[in-house]
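Working notes, beginning with the structure itself.
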Amino acid sequence: MALGIVFEKLLELPLFQGMGHNDLNQVVAHTKFGFLKLARNKTVVKEGDACQHIYFLTNGSLKVESRADDGSYRLIEKMTAPDVIQPDRIFGLTQSFTKTFTTLEECSFLRIDKQQVLRLIAEQEIFRLNILNIISTQSQRISHQPWRQPETTIRQKIVRFVESRSIRPAGPKTLHIKMEDFARLIAESRLNLSRELNKMNNEGIIQLTRGEIHIPALESIIGNK
């Protein structure tokens, strides 16, 4: 990929946003980028893979799949370029990906290995601040969850369940789960849960099929709970 194209792509990516032209010139000149292009339905990284690189999605869109530890349910989301795949997983106690990312169409990526990331953190203040902001935001979001007002209705419990497991509280989500498992996890009866889900389906804010709940836009349900 030509250096000019790399320069343009970096301007769009979360960890490089806010950099001046001089800093970006330094990054392009001294950073070893890997370039990757994958066809549709190809796995980028799998849950449990060691995180030795940061992957930047520069073109295309990805399916993001998260699974419960016991395998009883899974959540499917969508990631669209420009974006970055779990940059927080390159550090910390468990340095592995927690989700599986699969291409929904032909996708292009920039890839930087851990040593290059450490060098950029040491040398580029904006890069350092951007990665700290991502990690801090995720930490603050998680630490705040126990202090939120408890849910008082079944619909609120449904929304909170999906929202708390999502990479972002917006966009399409598909939850694959058995009704009895879902009812147990939100401490409601199967009958009452089924009634509420069917009501939401009739309102057109979800699409309910056997073992699957599709939410076209999570933000619309959060505002309608």
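Tell me which of these PHE56 doesn't satisfy, since it passes every other one: (1) modelled with pLDDT of 95 or more; (2) touching a Ser or Thr at 6+ places or on another chain (Cβ under 9 Å); (3) in a strand (DSSP E or B).
(2)
Being within 30 Å of HIS176 (Cα to Cα), open to solvent by 60 Å² or more (accessible area, probe 1.4 Å) and not acidic (Asp, Glu) is the requirement here; does LYS42 meet it?
yes
Filter the stretch 46-78 down to residues that are farther than 17 Å from PRO14 by Cβ and among the β-branched types (Val, Ile, Thr), then give me how many there are.
1
I'm trying to understand the selection: among the residues of the stretch 53-102, which are aliphatic (A, V, I, L, M) and in contact (Cβ under 8 Å) with a residue 24 or more places away in the chain?
ILE54, LEU57, LEU62, VAL64, LEU75, ILE76, MET79, ALA81, VAL84, ILE85, ILE90
Do the conditions hold for LYS99, that is, is it touching a strand residue (DSSP E or B) at 6+ places or on another chain (Cβ under 8 Å) and either more than 16 Å from TYR73 (Cα to Cα) or of a type in the set (Ser, Thr, Tyr) (or both)?
Judged against the criteria, LYS99 is not a match.
Here are the criteria: (1) part of a strand (DSSP E or B); (2) surrounded by 17 or more Cβ atoms within 10 Å (Cβ to Cβ). Tell me which single one LYS37 does not satisfy.
(2)
Could you give me the residue pairs with C-beta distances under 8 Å whose first residue belongs to the stretch 26-44 and is touching a residue at least 12 places away in the same chain (Cβ under 8 Å) and on the phi < 0 side of the Ramachandran plot, whose second residue is surrounded by 12 or more Cβ atoms within 10 Å (Cβ to Cβ) and of a type in the set (Lys, Arg) wherever it lies, and which are 6+ apart or on separate chains?
THR31/ARG119; PHE33/ARG111; GLY34/ARG111; PHE35/ARG111; LEU36/ARG111
Could you tell me whether ARG119 is among the basic types (Lys, Arg), under 21 Å from VAL6 (Cβ atoms) and either surrounded by 16 or more Cβ atoms within 10 Å (Cβ to Cβ) or at pLDDT 95 or above (or both)?
Working: among the basic types (Lys, Arg): yes; under 21 Å from VAL6 (Cβ atoms): yes; either surrounded by 16 or more Cβ atoms within 10 Å (Cβ to Cβ) or at pLDDT 95 or above (or both): yes.
Yes; evaluated as a whole, the condition is true for this residue.
Which residue is farthest from the chain's Cα centre (by Cα), if the candidates are limited to the stretch 117-136 and must be polar (S, T, N, Q) and over 14 Å from VAL84 (Cβ atoms)?
Among those residues, the one meeting the criterion is GLN124.
Could you please find all residues in the stretch 107-118 being part of a helix (DSSP H, G or I) and touching a residue at least 40 places away in the same chain (Cβ under 8 Å)? So that I can check it myself, show each step before the final result.
So the first thing to find is which residues in the stretch 107-118 are part of a helix (DSSP H, G or I), and the list is 114-118.
Answer for the stretch 107-118, where residues must be part of a helix (DSSP H, G or I) and touching a residue at least 40 places away in the same chain (Cβ under 8 Å): LYS114, GLN116, VAL117.
Among GLU47, GLU65, GLU8, which is the only one that is over 17 Å from ASN130 (Cβ atoms) and surrounded by 15 or more Cβ atoms within 10 Å (Cβ to Cβ)?
The conditions single out GLU65.
The values are calculated or read from the model by the stated rules, or taken from the named source; none is laboratory data. Source: prediction; values computed, not measured. So basically every Cβ, Gly included, is an ideal-geometry build from the backbone, and we count neighbours across all protein chains shown. For the accessible areas, the whole protein counts, side chains as well, though only heavy atoms, and no ligand, DNA or RNA atoms are used. Shrake-Rupley method; radii C 1.70, N 1.55, O 1.52, S 1.80 Å.
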